[in-house]
Amino acid sequence: MIRTAYARDVHASTAVRSCRDQLGPDRPELVLAFIGGKHPPEAALSALRDAFGDVPLAGGSAAGVIAGTAFGYSGFEIGLITFTGANVTPRIFTTRDLLADERAAGLGLGVVVQGNSIDGSAVMLLFDSVANVSPLRLHPASQLMEGFQEGLGGRALHVIGGGLLTDINISDGWVFEGGEVRKHAMAALVFPPNLRATTVILHGCRPVSTFMEITRINGPEVLELDGQPALTVVERMLGLELGTTSGQQLSLVATLGQKQGDPFAPYDENNYVNRLILRADPAAGSITLFEPDFAVGTRVQIMSRDNSLMLDSVERGVADLKTRISGQDCVLGLYIDCAGRASVMSGAATEEAELVISSLAPAFPFMGFYSGVEIAPFAGNYSRPLDWTGVLSILQRDS
Amino acid sequence: MSGELAGKIERLERELQYYQREYNEIGARLLRLQEEQSRASREARRSRIVARLIRGAYQIVNRDMPAEAIGEPLLASIADTSVCDRAAFLTEDPATPGRFVIEHGLGPKVGAQVTLEQPPSFLYTASGQKIGPAGEALAALLGVPYLLWAYEPASRRALLLGNHTEGNIHRPFEASDQELVEGALSVYIDVLLRKLAETTLRQAATAAEEASNARARFLATLSHELRTPLNAIIGFSELLLDSGTRPPDREEFARQILDAGQSLLSLVRDILDFSSLSNAVPRLQLDWVPVGQLLQASVRAFAAETASRGIVVELLPVVPRLQSFIDYDRFRQILSNLLGNAIKFTPTGGKITVSARSTTRDGVEIAIRDSGIGMQPEDIPRALEPFVQLENTLSRRFPGTGLGLPIARQLTEAHQGKLIIDSADGRGTTVMVIVPPSRMRLAPDAAAGASPG
């Protein structure tokens with residue numbers, strides 16, 4: 001049995017009590033919680049303990065919560081998923097070593113998951129996105145996933161996931177791990193083998209430049225594009241005064257996209273891996289991306305966020321998903337939505353999350369959250385981290 | 001390569017460069033257009049914040065909650081609509097202008113204070129802008145550097161919003177945000193004043209209703225209390241007028257008429273007393289009164305009645321030379337009312353204990369404890385209201401206006417004292433009259449037996 005509940009209140013205890021009332025008195029085997037970032041984590045943990053006793057906990061902070069009936073990103077939302085029964089309850093494996101070495105932490109967790117799963121198992125990864133608050137540094141999901149995939153060996157899993165934030169401004173993030181509130185930790189929720197996942201990735205970016213080659217890069221910091229300072233190239237595109245741009249201005253506007261497959265194939269949103277811009281350094285003329293997975297020689301295009309394309313992508317993606325899950329025994333819908341897609345940030349006239357809910361109209365338990373990074377199977381291959389996407393995944397009982 | 005082919009390649013390369021240039025130019029325009037559209041949409045959303053707040057505020061105001069409870073949900077609504085990290089409503093201390101206390105806070109602690117030399121009506125902080133002392137103090141209070149502040153001196157209230165990062169969601173705070181923060185503050189003040197007015201109105205309505213109920217109770221009680229002795233007077237007078245009435249009976253009837261008349265007189269005195277005490281503090285003839293003598297005299301006055309009812313009244317020993325600075329006659333009235341009540345509600349064979357104790361901390365405490373019917377704790381406040389005799393089977397048997405306790409309390413309070421009732425249903429009642437330490441002393445030996453007055 002899987003149940004979901006959503007509530008919003010300035011007091012975590014009140015919101016959790018409201019959720020508990022919606023879920024009924026039964027004791028679940030696992031509570032997966034998404035806690036609005038304005039709630040003090042200890043208060044939320046205490047409220048969950050009061051409501052559920054010593055039931056195992058997973059989840060953590062969320063920049064916002066998306067439920068089947070409501071959604072919000074005020075920081076006071078709480079969304080809970082409870083699992084009861086071995087046929088639906090995921091097993092949880094964790095690592096606390098992200099700060100030391102993300103790749104190594106991912107590798108270690110991948111090895112454990114490999115030994116506790118079978119091919120095709122659905123796995124959800126949750127970790128706190130912010131490694132350091134000032135200066136802002138994220139835990140690079142690309143390194144986590146690189147390690148995780150290596151740890152899996154040949155195991156082919158259906159991996160989805162997200163980076164947890166406390167708010168849309170990427171102020172911080174935390175996770176529940178081992179019954180405590182932690183940072184620099186990642187949890188893998190390995191679902192029972194009788195559950196399979198069907199996932200679509202909802203996009204929203206369009207290339208607005210010709211291909212450019214990264215000619216200088218240091219980790220996530222792109223110094224040059226086609227031999228020119230990367231920041232100058234982006235500023236010129238935007239018509240901004242050169243050398244005056246902050247990273248936050250850019251993160252609202254443009255991304256760098258890497259096209260997969262034939263570079264000259266017609267535009268297909270599913271062929272692009274986008275990287276948001278975290279900050280800009282006018283002195284170095286560089287832009288720093290969310291992830292460090294581009295290299296010298298990587299051909300990229302400047303991508304524009306396109307709100308109408310984003311909404312079109314939702315309608316297309318949800319329609320495709322509904323076709324694929326038609327007639328299936330769906331037990332849970334999960335939505336991992338980039339925080340930047342919220343209309344308060346994107347400026348979209350329609351809330352994208354609202355469109356997802358209304359288009360999907362789930363007749364099964366549904367819960368989602370606003371994330372810092374999304375992880376999903378990409379182009380039929382291993383899962384990888386994505387920016388500016390919505391990852392919509394439905395768990396079904398194996399027929 | 002032929003010249004023709006080379007020319008073709010050159011043309012194609014130029015054509016490619018042309019398309020690249022145009023693609024990039026159109027792409028850049030698209031990018032800017034998209035951003036302008038997004039920015040316009042975000043600004044439009046921002047401009048709707050106050051309107052959304054008003055809508056949310058009136059949803060809150062229509063809920064049944066006291067005025068002091070609306071601050072928190074309204075603050076949450078402001079934080080939600082403006083998407084800020086922290087927020088607080090502050091009130092200015094009227095005794096210390098410039099000192100603000102957090103009344104409701106999301107993030108900062110309620111009760112935290114800040115003092116501003118000259119509180120600005122509006123303030124915002126942004127990087128590259130000089131932050132004055134007020135901005136620094138408010139940033140320290142809220143725990144974040146980027147602020148929006150509005151202050152309304154007339155109501156002594158302020159709203160403070162803050163963010164961890166400058167580019168929160170759309171853009172840094174700027175001067176044009178004055179409308180937003182002042183609008184939000186105005187909505188709060190309007191809703192608060194409306195709630196306070198509602199509360200005042202409700203209290204006035206409740207008071208009026210209570211007064212009306214009291215008047216109705218008074219008339220009902222009074223008509224009953226008047227009718228009983230008047231009926232006796234009229235009835236026995238008619239019997240006296242009957243020439244056939246025997247002389248021994250005439251004497252008895254005359255006594256009944258006298259009793260009824262005295263009862264009426266007592267009733268009228270009580271009503272006048274209560275009325276005058278309700279309108280003005282009584283003028284007291286204060287003097288040092290020996291407490292022991294006061295209690296003895298009060299108990300003695302009821303000796304005949306207690307004897308006839310078979311009720312034992314025990315006066316416990318009083319500390320010798322204990323005196324209290326009181327109006328002797330008024331205190332006799334207090335004790336008379338309390339003893340009268342105790343006797344009235346104590347069944348035959350019951351016991352009443354009268355005692356007095358003194359401490360330097362509490363003063364003089366006179367206690368009258370009966371073994372009567374007692375009352376429920378929740379009924380005690382009602383027993384102190386005028387014209388109320390608690391509804392129970394025993395009290396129906398007892399006449400009275402229900403003015404004894406209210407008069408006793410008013411007279412006690414006129415002495416800066418307190419009247420406290422401790423009672424349990426079926427286990428008797430203890431009434432304590434406490435006179436403050438400033439009105440207590442141990443008299444010199446010579447004065448110990450001095451008469452009051």
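All of the numbers you see were taken from the coordinates with simple rules; none came from a lab. Owing to the predicted nature of the structure, the values given are computational and were not obtained by experimental measurement. Here Cβ is always computed from backbone atoms with ideal geometry, including for glycine, and neighbour counts include all displayed protein chains.
Computed over the range B:49-198, the percent of Cα pairs more than 21 Å apart is 38. Taking Cα centre as origin and charging only the Cβ of basic (Lys, Arg, +1) and acidic (Asp, Glu, -1) residues, the dipole magnitude of chain B rounds to 580 debye.
Under the criterion of Cα pairs below 8 Å and six or more residues apart, the relative contact order for chain A equals 19 percent. Which residue, A:THR255, A:LEU225, A:ASN194, has the largest displacement toward the positive end of the dipole of chain A when charges sit on each Cβ (Lys, Arg +1; Asp, Glu -1)? Positive-end residue among those listed: A:ASN194.
Rounded to the nearest 500, the 222 nm mean residue ellipticity of the protein assembly as shown from helices alone is -12500 deg cm²/dmol, with -39,500 (n - 2.57) taken per DSSP H run of at least 4 residues. Among A:TYR335, B:TYR18, sorting on how many other beta-carbon atoms sit within 10 Å of each Cβ, with the fewest leading, yields B:TYR18, A:TYR335. Histogrammed with a bin width of 5 Å, the alpha carbon distances of the range B:286-447 distribute as 2, 9, 19, 23, 20, 14, 8, 3, 1, 0, 0 percent, first bin at zero. The range B:245-300 and the range B:54-74 have Cα centres lying 55 Å from one another. Taking Cα atoms only, the orientation of helix B:404-414 departs from the longest principal axis of chain B by about 70 degrees. When B:TRP149, B:TRP288 are sorted by how many other C-beta atoms sit within 10 angstrom of their C-beta, beginning with the fewest, the order is B:TRP288, B:TRP149. If you fit an axis through the alpha-carbon atoms of helix A:102-114 and take the longest principal axis of the Cα set of chain A, what angle between them do you get, 0 to 90°, nearest 10? So the helix axis and the longest Cα principal axis differ by about 40 degrees. What FRET efficiency comes out for the pair A:ALA100/A:GLU180, r = Cβ-Cβ distance, R0 = 22 Å, nearest 0.05? E between A:ALA100 and A:GLU180, to the nearest 0.05, is 0.75. Partners of B:LYS351 within straight-line reach, counting lysines whose Cα lies under 30 Å from its Cα and excluding those fewer than 8 residues away in the same chain: B:LYS418. Here chain A is treated as a sphere whose radius is the Kirkwood value from Cα pairs; by Stokes-Einstein at 25 °C and 0.890 mPa s it diffuses with a coefficient of 117 µm²/s. Between B:ALA126 and A:ASP26, the C-beta separation translates, for a Förster distance of 51 Å, into a calculated FRET efficiency of about 0.50. Note on the range B:212-279: semi-axes of the ellipsoid equivalent to its C-alpha gyration tensor, largest first and rounded to whole Å, are 32, 13, 6.
Distance from the alpha carbon centroid of the range A:38-78 to that of the range A:351-379 works out to 18 angstrom. As a calculated quantity, the FRET efficiency between B:SER176 and A:SER308 at R0 = 41 Å, using C-beta atoms, amounts to about 0.90.
Pairwise inverse Cα distances across the range A:288-342, averaged and inverted, put the Kirkwood hydrodynamic radius at 14.8 Å.
Legend: translational diffusion of the range A:205-305 by Stokes-Einstein, Rh = Kirkwood radius over C-alpha pairs, 10 °C, 1.306 mPa s; D = 120 µm²/s. Where both bridge residues fall in chain A, DSSP classifies roughly 80% of the beta bridges as antiparallel. For the range B:49-198, the relative contact order works out to 25 percent when only alpha carbon pairs closer than 8 Å and six or more residues apart are counted. In plain terms, the C-alpha convex hull of the range A:1-86 casts an average shadow of 4.8 nm² when viewed from every direction. PRE reach from B:THR200 (point 7 Å along Cα→Cβ): which of the range B:139-169 fall under 18 Å by backbone N? Of the residues in the range B:139-169, B:154-157 have backbone N under 18 Å from the label point off B:THR200. When only Cα pairs below 8 angstrom with a gap of at least 6 residues are kept, chain B shows a relative contact order of 10 percent. As a proxy for reagent exposure, B:VAL433, A:VAL318 were ordered by neighbouring Cβ count within 10 angstrom, fewest first; the result is A:VAL318, B:VAL433. Geometric descriptor of the range B:1-125, per residue, is 189 Å³ (volume of the convex hull of the Cα atoms).
Measuring between their Cα centroids, the range B:118-195 and the range B:427-441 lie 55 Å from each other.
Taking a label point 7 Å from the Cα of A:GLN328 along the Cα→Cβ vector, which residues of the range A:346-370 have an amide N closer than 20 Å to it? Hits in the range A:346-370 for A:GLN328 at 20 Å: A:356-369. Across all directions, the shadow cast by the convex hull of the protein assembly as shown built on its C-alpha atoms averages 54.4 square nanometres. The slack in the chain from B:THR115 to B:ALA6, taken as 0.36 nm per residue of separation less the alpha-carbon distance, amounts to 31.2 nm.
Once both labels are positioned 7 Å from their Cα atoms along Cα-to-Cβ, the gap between B:LEU241 and B:LEU16 label points is 13.6 nm. Distance between the modelled labels on A:SER358 and A:THR69, one decimal in nanometres: 1.9 nm (7 Å Cα→Cβ projection). Magnitude of the charge dipole for the range B:284-384, about its Cα centre and with charges confined to Cβ atoms of Lys, Arg (+1) and Asp, Glu (-1), is about 180 debye.
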